Structure formats: C-alpha cells, structure tokens
Amino acid sequence: MTDVVTMQVIRYGLEQVADEMGNTLVRTGRSTIITEIKDISCVVTDAAGQTIAQAHHNPSLLAGFEITMKELVAAYPPESLAPGDVIITNDPYRGGQHIMDLYAIAPAFHSGKLIGFVGNITHHSDLGGVAAGGVAGGIREIYLEGLRLPMVKLYKAGREDAEIVAIIANQIRVPEKTLGDIRAQVASLRVGTERLDRMFRRYGEQTMRASCAELLDYSERRMRAGLLELAAGTYEAEDWIDDDGIVDRPIRVEVKLRIGDGKVVVDLSGSDPQAEGNINSTLANTFAAAYYVMIAVVDPGIPPNSGCYRPIEVITRPGTIVHPLPPGAVAARTNTSQKIVEAMLRALSAAVPDRVTAGSHGQISTCGFGGRHPSDGKPFVYTDIQGGGSGARPYRDGRDGQDSHLPRFMNTPVEVLERQFPVRIERYEFIRDSGGPGTFRGGLALRRDIRILADRVSFARYGDRHKFAPQGLFGGLPGSCGKFVLNPGTPGERVLASKGLDMLAEGDVVSIRLPGAGGYGDPRRRERSAVAADLRDDKIGRESAIRDYGWPETEDAG
C-alpha cells in the first residue's frame, strides 16, 4: 500500500520519463515524419507488460502496446532478457498498427531484476512496399505493403545485430535515413531504461511497485465513476468510408454503446466485412479509437494506462473492417479508426451533448512522394500528413486547419520541405466556406499545392471524406468534402482518386484539399459579430453569410 501523494508524484515522474523518451526521439530522428510531424508515442510498462504511463504525443497509438506487450511478455520470459536488449516488430497481426509503424521495446532492470519495459512506436518514411512511403491506397495484400517484421532482438545486450540490420537495409529505398530513425528509437529507449532505474533507486522497489499498482487502480476507479455519471442505456450511430481504393462502394462502420453499472461495451461487430483494399483497421488501431473516445468524453484527466481500460469492453467480429484477418492489407487503417471515433461521438451526443464535437474531417490524408533528386540522383522519400477542419464544439468554433484530434499530428513547415526535397509549395491556405455553418462554425480545411521539381516521382496516398461530408450536430450543417487535383487550372486538370498511386512528371502540381468540419447548433443563432469576423477574415463568403447565417444582403461586415 502507498499513500496517494507518493503515487501521484511517481505518476508524474513516469510520465516525464515517457515524455523525455519522446523528446529524445524527435531530436535525434532523421525523417520529417518524426522531427516535424511527431508521429510517435512512448510508453512505460510494468514487468507484466501493463501500461503505466504514456507520453503526451499521439493518442491514436494509445492501445497499441496493450496487445503487443502481451505478445512480447509471452514470447520473452525474464530469464531470456538482458540489459541492452531491444526488441522490434511492426506486425499488424500481432498488436501492430501498420507496416510503417515500428515498435522498439527494451527491458528495464534495477539491481539485476526486471522492473518493466520502455517502448516507442514511430512512423517511418519507408519500410519497403510497392510505393515510396508505404502509403499507397488500393493495395490488396499485406505482403505488398512493406517489410513485416516479427518480434526480433535487434540489439542483444547492447550490441546491434548486423545481420538483421542488413535485412532491413536491403528492403528499403533510403536505408541510411530509416536506419538512422531506428537508432534514434534505440537512443530513446536507453534514456527510458536509465530514468526508470533512477526512479527505482530514488524511491525504492517496494514503493515503486506499490505506487504503480495503485496508479492502475486509481485510473480504473476514475473511469468507473465517470461512467456512472452517464445515463445508462444503448446509444447507436454509424459512419461511412468512401471506398477501399479498389471497389467504388461505401463501407459502413457501426457502433453500439451499452453503458451501465460503471462500465461500457463498445460493440463494433455490426460493421461491414473486411475490405479488399487496405483500409482495414487492425485490432490495436480499433481498440485505440474506442479507448480514446471514452477517455475524452468521460474524464480527459484520467491517467491513460491499463487500469482505465478495464471498464471498457470492445467487441469486434473477426473478418470485418474493424478486425481484419490475414492477409488483409491495412496501411490506410486510420480512415476506418477515424470513423469509429466519429460514430462514437455521434452516438454519445444523445447522452452528453455538451461533451462532444460535431463531425471533424474524420480521416487522415497521408501522402508519399518518392523518386531521385535531380541535383545528385540520390533517392528521396517525402511523407506528409495533411490537416483538415476540427468539429465545432458546444461552446466554441472548431479549430481551423488541424489534424484530427485522434492522432494530433503537427504541421510540416514549408521551409523544411523545400530544403530537403525537390518540391515547391505554391499554395498553402485555408479553404473558404469549408467549415460547416452553425451557432459554432466547423473548422476550416487546408489546401496545399505541391509542384514537383523532379521527373518520374511516385505519388502514393490515402485519404477519405471525398464523398461523405463531415456531419454537423443539433442543426449545424456539414463541412466540405476533400479532393486531390492534379494540375489545377490547366487543360490537363484531373481529379485523382482519394486512395491510389500515380507517377508524376517534373512540373506537375498536386493540389491536396482536405475536408472541413461540421457545425454545432442552428447557424441562425450565431452571434452577428462572429459572422462579421468570418467575413472580414475571408473564412466565409458573402453568399454563405446571407444563405446560411441570414446576413442582410446590403450590410457591410465592417
């Protein structure tokens, strides 16, 4: 047993360990997907593999370690582990997310005894596959998506395994960059194991173990108490994915939430069968989406660990879009997990309307460009994630030009892109009228036009919400749909599929236009000063002001 003050001090100390691991990874990484976008997450677990603390980075990776650590603990008993070991894996069917997300996990020791694990997960710019960046939509089998690694020791007692490194290097386009990023992950783990050992030396093994156990129970109690505040009942909603990149047919995600007795069942078993294309959501991804929503709605201050997941039961059906079976492809899985989030928020709007947002852009547009740099002929891989509109809130407009709240990625600065890759960013702006009208307006989407300055450059991507607009709530109107346009404003202008792979020529321009977000509440109840401000800032046009908000045709915005 430990007192609550000591437990909280240790809680924040463990979170600091995870955050410092993440900061080390960002500082030492090589690819912009790590250094700028920060598509990473870090974790500290106990010796049984239970999550104790997580870094304040990517929430969409919340539950990934839950499944992965169960597999790891079963595969590596304590006697098989040594200080300096590093285990890597990216297998989506053993707790992974998708091929480009590589886990690196190290055992932590104190006085020669295993005390837990530290781990990180990082999106890599390239791990093989049919297209540079590994983000081509419309892939049918996981074997085509890249190098799938089982759990394997990359480092044994601190020594890198040269043969495994050679296998990885032989499969990828820019090995020095990917291997540099993997070694950044290892550097992050070394920080984590040292800091965790330091905490055990400071507080003592008995106090640390007791505090960690109490921390898990504390999170569980808070989650159950929060669930008891919600009206018991069953809440249902659905959302739609445009298509799978192969068959032009929408795919349904169905959510049924059963709340009562301090627990919740998230039933996704009614969702459509798994797709032929690679939008299938791995179990780790599906569970992360469900956990994220329940934490965000019930009690956002809960320490996100294995304890707060205990009252949440997620039900899936094998062979569906939310629980695919091998060899189903999964690279574009986030376009399904985003729909889980959107459907859950819509279902919960009937129970707690003041705690949910209207529909956000609800997808992740990840684009990969690959080719050879015209200046030196060396291969390059440029991966980027674009931001759209965030859903309007019950008390405030949605955030403009942000990535989805589930992954919470950062913007890649134009200067960084143009310095590292043969591209020129010709437009980067908010899209007027892309936010759904409402008492509180949905967030505006972003447009980024990229001119290609090299020949024969592959353009791989997956996006969504090009057909099904983000929905408003309680009278709020939908946001705009997205669109990918090749060479806009020219005779050769062509709208591209949201998921696919094309070859670009030097001088081509790709215009990436993201979806907006839905509004919250009746637009006619929006404050006139807010409408006037949107008009002045060119966030809405005069036609929208008149049609949607009832703005007088003769009145100036001032």
Handout entry: Rounded to 5, percent antiparallel among DSSP beta bridges of the chain
Key = 95
Practice task
Please report, largest first and rounded to whole Å, the three semi-axes of the ellipsoid equivalent to segment 250-382, where each semi-axis is the square root of five times an eigenvalue of the C-alpha gyration tensor.
Solution key: 32, 18, 14
Problem - Cβ-Cβ FRET estimate between residue 261 and residue 79, R0 fixed at 45 Å, reported to 0.05 - result: 0.60
Handout entry: Taking the convex hull of Cα positions in segment 302-369, its mean projected area over all directions (nm²)
Key = 7.1
Fill in the blank from the handout: So residue 533 and residue 176, fully extended at 0.36 nm per residue minus their Cα-Cα distance, gain in nm 123.6 nm
Problem - Carbon and sulfur %, accessible surface of the chain computed with the full protein complex present, 1.4 Å - result: 50
Practice task
Count charges around residue 481 for me, please; just the other residues with Cβ under 10 Å from its Cβ, Lys/Arg as +1, Asp/Glu as -1.
Solution key: +2
Handout entry: Computed Kirkwood radius, in angstrom, where 1/r is averaged over Cα pairs of the chain
Key = 24.1
Exercise for the section: Subtracting the Cα-Cα distance from 0.36 nm times the residue separation, let me have the gained length for residue 238 to residue 373 in nm, one decimal. Expected result: 44.1 nm
Completion exercise
Rounded to whole angstrom, the alpha-carbon centroid of segment 322-353 lies from that of segment 79-146 at a distance of 22
Problem - Phi to ³J(HN,Hα) by Karplus 6.51 cos²θ - 1.76 cosθ + 1.60 over segment 127-137, Hz, x for Gly, Pro - result: 9, x, x, 6, 9, 4, x, x, 10, 5, x
Practice task
Provide, for q = 0.15, 0.17, 0.26 Å⁻¹, the log10 of I(q)/I(0) from a solvent-free Debye sum over equal Cα point scatterers in segment 357-424.
Solution key: -0.59, -0.69, -1.10
Practice task
May I ask you to derive the relative contact order of the chain, considering only C-alpha pairs under 8 Å and at least 6 residues apart, and to give it as an integer percent?
Solution key: 14
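Check the chain and count each lysine pair with an alpha-carbon distance under 13 angstrom, considering only pairs eight or more places apart or from different chains.
For the chain, qualifying lysine pairs total 4.
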Practice task
Apply the Kirkwood formula to segment 108-148: the hydrodynamic radius equals the inverse of the mean of 1/r over all pairs of different alpha-carbon atoms; give it in Å with one decimal.
Solution key: 12.9
Exercise for the section: Order the following by accessible area, largest value first: 342, 66, 236, 553. Probe radius 1.4 Å; ligands, DNA and RNA are ignored. Expected result: 553, 236, 66, 342
Completion exercise
Residues other than residue 490 with Cβ under 15 Å of its Cβ, Lys/Arg counted +1 and Asp/Glu -1, net out at -2
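Using a cut-off of 12 Å between beta-carbons, work out the net charge of the residues near residue 530 (Lys and Arg +1, Asp and Glu -1, residue 530 not included).
Its environment carries a net charge of +3.
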Practice task
At a temperature of 37 °C and a viscosity of 0.692 mPa s, determine how fast segment 1-144 diffuses translationally according to Stokes-Einstein, using the Kirkwood radius over alpha-carbon pairs as Rh; express D in µm²/s, rounded to the nearest whole number.
Solution key: 202
Exercise for the section: Find the accessible area per residue for the chain; the probe is 1.4 Å, ligands and nucleic acids are left out, and the unit is Å². Expected result: 37
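What number do you get for segment 441-542 when its Cα radius of gyration is normalised by 2.2 N^0.38 Å, N = residues?
Numbers: Rg = 17.0 Å, N = 102, 2.2 N^0.38 = 12.8 Å.
The reported ratio for this selection is 1.33.
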Problem - Rg/Rh ratio calculated on Cα atoms of segment 338-486 (Kirkwood radius) - result: 1.06
Problem - segment 416-558: relative contact order as a whole-number percent, Cα under 8 Å and 6+ apart - result: 30
Handout entry: Relative contact order of segment 116-225, pairs being alpha-carbon contacts under 8 Å that are 6 or more residues apart, as %
Key = 25
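Enter the per residue convex hull volume of segment 154-301, computed from alpha-carbon coordinates, in Å³ rounded to the nearest integer.
It is 187 Å³ per residue.
The values are calculated or read from the model by the stated rules, or taken from the named source; none is laboratory data. Values in this document were obtained by computation on a predicted structure and should not be read as measured data. Glycine gets a Cβ as well: all are built from the backbone with ideal geometry, and neighbour counts include every protein chain shown. Note: areas computed on protein heavy atoms with side chains; ligands, DNA, RNA excluded. Shrake-Rupley method; radii C 1.70, N 1.55, O 1.52, S 1.80 Å.
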